[in-house]
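Asks: Would you mind keeping the following structure in view while I ask a few things?
The values are calculated or read from the model by the stated rules, or taken from the named source; none is laboratory data. Being a predicted model, the structure only gives us computed values, none of them experimental. Backbone-built Cβ (ideal geometry, glycine too); neighbour counts: all protein chains shown.
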Amino acid sequence: MTIKETKLKGCYIIQPTIFSDKRGYFIESFNQKAFNSKLNLDINFVQDNESQSSKGVLRGLHYQMGDYAQAKLVRVVKGSVLDVAVDMRLDSETFGEHISIELTEANKTQLFVPRGFAHGFIVLEDETIFSYKCDNFYNKASEAGVIYNDTDLNINWQLPVSDFILSNKDLVLPQFKNAEKC
């Protein structure tokens, strides 16, 4: 596996080693010992989640606050997404900055999103399956978020807004300047 830190401290792009032959491929999608050693972390993932979505579905930007903050290791099993992480940490040099990366079935790339980051993605292909590990359990009372079209963040979601499919909850999230900070 190769690991590259993004411009956002603590947020890493992870490329697993892919072993391919005439039968197909094999990857080790997660190895806790190697992961913690290479990132110099002590992460213990406790919950795995998976979603299936159609092209244009935008999920996010979400995060958990306080004792229920979550780090996530995200990847695409089938299809493709544009994945976005926003630094919500007040004491960070990159507070308010974001990165975006295409995660696809073909590239097998993963993104580690540390605690204190808002996270979201837009689906670029029909029947996309998105998988993520969390290092803390979900707690509804600790939910927070930022509206996808925040003018300060100015995220390029790559698809026309007319193609977006959002939940009612995601349509009423606050602007970045009014959102809870970590």
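Asks: Collect the residues in the range 93-108 that are part of a loop (DSSP other than H, G, I, E, B) and of a type outside the set (Ser, Thr, Tyr), keeping them in residue-number order. Before you say what the answer is, go through the steps one by one.
Replies: Going residue by residue through the range 93-108, those that are part of a loop (DSSP other than H, G, I, E, B) are 93-97, 105-108.
Result: Glu93, Phe95, Gly96, Glu97, Glu105, Ala106, Asn107, Lys108.
Asks: I'm checking my understanding of the structure. Among residues of the range 127-155 that are within 17 Å of Asp87 (Cβ to Cβ) and part of a loop (DSSP other than H, G, I, E, B), which one is farthest from the chain's Cα centre (by Cα)? Let's see the steps before the verdict.
Replies: Here is the first cut: in the range 127-155, the ones within 17 Å of Asp87 (Cβ to Cβ) are 144-148, 150, 152-155.
Still in the running and part of a loop (DSSP other than H, G, I, E, B): 146-148, 150, 152-155.
Numbers: Val146: 14, Ile147: 15, Tyr148: 14, Asp150: 18, Asp152: 20, Leu153: 16, Asn154: 17, Ile155: 14 Å.
Here the answer is Asp152.
Asks: Restricting to the range 99-122, count the residues that are within 12 Å of the chain's Cα centre (by Cα) and more than 23 Å from Asp67 (Cα to Cα).
Replies: 9
Asks: To continue, here is another question. If I filter the range 105-116 for residues that are touching a Leu at 6+ places or on another chain (Cβ under 8 Å) and over 18 Å from Cys134 (Cα atoms), do I get at least one hit?
Replies: Within the range 105-116, not a single residue is touching a Leu at 6+ places or on another chain (Cβ under 8 Å) and over 18 Å from Cys134 (Cα atoms).
Asks: Among the residues of the range 156-168, what is the count of those that are free of Cβ contacts under 8 Å to residues at least 12 places away in the same chain and not in a loop (DSSP other than H, G, I, E, B)?
Replies: First, the residues of the range 156-168 that are free of Cβ contacts under 8 Å to residues at least 12 places away in the same chain: 160, 162, 168.
Among the residues that remain, those that are also not in a loop (DSSP other than H, G, I, E, B) are: 162, 168.
Result for the range 156-168: 2.
Asks: Suppose we filter Asp83, Asp87, Asp67 for residues that are closer than 13 Å to Tyr132 by Cβ and either of a type in the set (Val, Ile, Thr) or modelled with pLDDT of 95 or more (or both); which single one remains?
Replies: On the way: Asp87 fails: closer than 13 Å to Tyr132 by Cβ; Asp67 fails: closer than 13 Å to Tyr132 by Cβ.
Among Asp83, Asp87, Asp67, only Asp83 is closer than 13 Å to Tyr132 by Cβ and either of a type in the set (Val, Ile, Thr) or modelled with pLDDT of 95 or more (or both).
Asks: State which residue is surrounded by the fewest Cβ atoms within 10 Å (Cβ to Cβ) when the search covers only the range 64-99 and only residues that are of a type in the set (S, T, N, Q) and in contact with a Phe, Trp or Tyr (Cβ under 8 Å, 6 or more places away or on another chain). Break it down into steps so the answer makes sense when it comes.
Replies: If we filter the range 64-99 for residues that are of a type in the set (S, T, N, Q), which is where we start, we get 64, 70, 80, 92, 94.
With in contact with a Phe, Trp or Tyr (Cβ under 8 Å, 6 or more places away or on another chain) added as a condition, the list becomes 64, 70.
On the way: Gln64: 23, Gln70: 26.
If we take residues in the range 64-99 being of a type in the set (S, T, N, Q) and in contact with a Phe, Trp or Tyr (Cβ under 8 Å, 6 or more places away or on another chain), then Gln64 is surrounded by the fewest Cβ atoms within 10 Å (Cβ to Cβ).
Asks: Look through Leu90, Leu8, Leu73 and report the one residue that is hydrophobic (A, V, I, L, M, F, W, C), part of a strand (DSSP E or B) and in contact (Cβ under 8 Å) with a residue 40 or more places away in the chain.
Replies: Numbers: Leu90 fails: part of a strand (DSSP E or B); Leu8 fails: part of a strand (DSSP E or B).
After ruling out the rest, the residue left standing is Leu73.
Asks: Scanning for something of a type in the set (A, V, I, L, M), buried (at least 18 other Cβ atoms within 10 Å of the Cβ), in contact (Cβ under 8 Å) with a residue 12 or more places away in the chain and touching a Leu at 6+ places or on another chain (Cβ under 8 Å), does the range 133-145 turn up at least one residue? Give the steps one after another, and end with the answer.
Replies: Here is the first cut: in the range 133-145, the residues of a type in the set (A, V, I, L, M) are 141, 144.
Add one more test, that the residue is buried (at least 18 other Cβ atoms within 10 Å of the Cβ), and what stays is 144.
The next check asks that each one be in contact (Cβ under 8 Å) with a residue 12 or more places away in the chain; those that pass are 144.
Filter once more, keeping what is touching a Leu at 6+ places or on another chain (Cβ under 8 Å): none.
No, that holds for no residue.
Asks: Tell me, please, whether a residue that is under 19 Å from Glu127 (Cα atoms), of a type in the set (Lys, Arg) and surrounded by fewer than 16 Cβ atoms within 10 Å (Cβ to Cβ) can be found in the range 52-61.
Replies: To start, the set of residues in the range 52-61 that are under 19 Å from Glu127 (Cα atoms) comprises 52-60.
With of a type in the set (Lys, Arg) added as a condition, the list becomes 55, 59.
From the residues that got through so far, the ones that are surrounded by fewer than 16 Cβ atoms within 10 Å (Cβ to Cβ) too are none.
The answer is no, given that none of the residues of the range 52-61 is under 19 Å from Glu127 (Cα atoms), of a type in the set (Lys, Arg) and surrounded by fewer than 16 Cβ atoms within 10 Å (Cβ to Cβ).
Asks: Please name all residue pairs, on different chains or six or more residues apart, with Cβ atoms under 7 Å, provided the first residue is in the range 112-128 and is more than 13 Å from Ser100 (Cβ to Cβ) and the second residue is at pLDDT 95 or above and of a type in the set (Lys, Arg).
Replies: Gly116/Arg89; Val123/Lys55; Glu125/Lys55; Asp126/Lys55; Glu127/Lys78; Thr128/Lys78
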